[in-house]
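Working notes for the structure below.
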Amino acid sequence: MLCLRDSGMCVLLDNKLSWKPHVQRVKTQLSRACGILSKLKHYTTLPVLKVVCNSLIHPYLNYSILIWGRASNATIQPLTKLQNKAIKIINPINSGSPEEHFQHLNILRLPKLYSFSVGKFMHSYHNKLLLHHFDEYFVPLSSIHYHSTRLATSKNLFLPRVNSSSGKCSLKFIGPKVWSSIPDDIKFSTTFTFKWKLKKHLLHEKNSQL
């Protein structure tokens, strides 16, 4: 097993790239955080609990999620359950759907955190803010459709045909798919406004694109 470490955080790689060791490590951290939140909820307010949640849970979910975020649903499910548990602890309202609870707290669910990360990556790609290794990683639709089309003029990218499950989990496939689902007014935003516009869009999106 290999540990890629940076600033005290790390991603655990196993020889099959199943991400199970990494998810297990994150699960341990989230379980501890839920225990802390359960004790704190009796002594403090919702805004404070939200700060604690964002400090103890979401750094582990966000860290390198672009790499491991497309692990199988069975592998990811324990993290989804723990994130839901944390939200119920800090916002114990019986009415409303779980999605409404996340919207109320302005927090993205785990699948949408991954979409958010992919969206940021693709925006950086289009604005040439990535390393030069990614310059030709994607194929613009405009290079395939020589006549003007709505998709080509929306900075959309060619979606490669893949048959394997690993291919459908690759950034070369997921990147164009997520990017095409983002409204044009968000795509053409400046880097300064893109993140909060995309987060707002994902918060109120009913169905995930992944």
Checklist entry - Residues in region 187-210 that are in a helix (DSSP H, G or I) and either aromatic (Phe, Trp, Tyr) or modelled with pLDDT under 90 (or both): how many? => result 4
Checklist entry - Of the residues that make up region 34-43, is at least one modelled with pLDDT under 95, loosely packed, with under 13 Cβ neighbours inside 10 Å and hydroxyl-bearing (Ser, Thr, Tyr)? => result yes
Checklist entry - Taking region 4-33, which residues are of a type in the set (D, E, K, R), at pLDDT below 85 and under 14 Å from THR75 (Cβ atoms)? => result ASP14, LYS16
Checklist entry - Any idea which of (1) closer than 23 Å to GLY119 by Cα; (2) of a type outside the set (Asp, Glu); (3) outside any helix (DSSP H, G or I) is the one HIS42 doesn't satisfy? => result (1)
Item to check | Of residues in region 139-158 being aliphatic (A, V, I, L, M) and at pLDDT below 85, the one surrounded by the most Cβ atoms within 10 Å (Cβ to Cβ) | outcome: LEU141
Next on the checklist: Taking the conditions exactly as written (at pLDDT 95 or above, touching a helix residue (DSSP H, G or I) at 6+ places or on another chain (Cβ under 9 Å) and in a loop (DSSP other than H, G, I, E, B)), does LEU113 satisfy them or not?
Outcome noted: no
Checklist entry - Do we have GLN77 as part of a helix (DSSP H, G or I) and surrounded by 19 or more Cβ atoms within 10 Å (Cβ to Cβ) here? => result no
Checklist entry - What are the residues in region 31-63 that are out of contact with any Cys (no Cβ under 9 Å at 6 or more places or on another chain) and over 18 Å from PHE102 (Cβ atoms), if any? => result SER31, ARG32, GLY35, ILE36, SER38, LYS39, LEU40, HIS42, TYR43, THR44, THR45, VAL48
Checklist entry - If we keep just the residues of region 109-138 that are within 16 Å of PHE194 (Cβ to Cβ) and charged (D, E, K, R), which is surrounded by the fewest Cβ atoms within 10 Å (Cβ to Cβ)? => result LYS128
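Would you call VAL52 without any contact (Cβ under 8 Å) to a residue 40 or more places away in the chain, surrounded by fewer than 17 Cβ atoms within 10 Å (Cβ to Cβ), part of a helix (DSSP H, G or I) and outside the structural domain of LYS187 (by TED's automatic domain parsing)? Don't jump to the end; show me each part of the working.
Working: without any contact (Cβ under 8 Å) to a residue 40 or more places away in the chain: yes; surrounded by fewer than 17 Cβ atoms within 10 Å (Cβ to Cβ): no; part of a helix (DSSP H, G or I): yes; outside the structural domain of LYS187 (by TED's automatic domain parsing): yes.
Considered against the rule, which asks whether it is without any contact (Cβ under 8 Å) to a residue 40 or more places away in the chain, surrounded by fewer than 17 Cβ atoms within 10 Å (Cβ to Cβ), part of a helix (DSSP H, G or I) and outside the structural domain of LYS187 (by TED's automatic domain parsing), VAL52 comes out as no.
Just give me the residues in region 159-186 being in contact with a Pro (Cβ under 7 Å, 6 or more places away or on another chain) and outside any loop (DSSP other than H, G, I, E, B), in sequence order.
Here is the first cut: in region 159-186, the ones in contact with a Pro (Cβ under 7 Å, 6 or more places away or on another chain) are 159, 172-173.
Of everything in region 159-186, those that are in contact with a Pro (Cβ under 7 Å, 6 or more places away or on another chain) and outside any loop (DSSP other than H, G, I, E, B) turn out to be LYS172, PHE173.
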Checklist entry - Name the residues in region 128-145 that are of a type in the set (Phe, Trp, Tyr) and in a loop (DSSP other than H, G, I, E, B), would you? => result TYR137, PHE138
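Can you find, within region 116-134, the residue that is modelled with the highest pLDDT among those that are among the aromatic types (Phe, Trp, Tyr) and farther than 20 Å from TYR60 by Cβ?
Checked region 116-134; the qualifying residue modelled with the highest pLDDT is TYR125.
The values are calculated or read from the model by the stated rules, or taken from the named source; none is laboratory data. In this text the structure is predicted, and so the values were computed from the model without any measurement. Quick reminder, even Gly has a Cβ in these numbers, built from the backbone with ideal geometry, and neighbours come from all protein chains shown.
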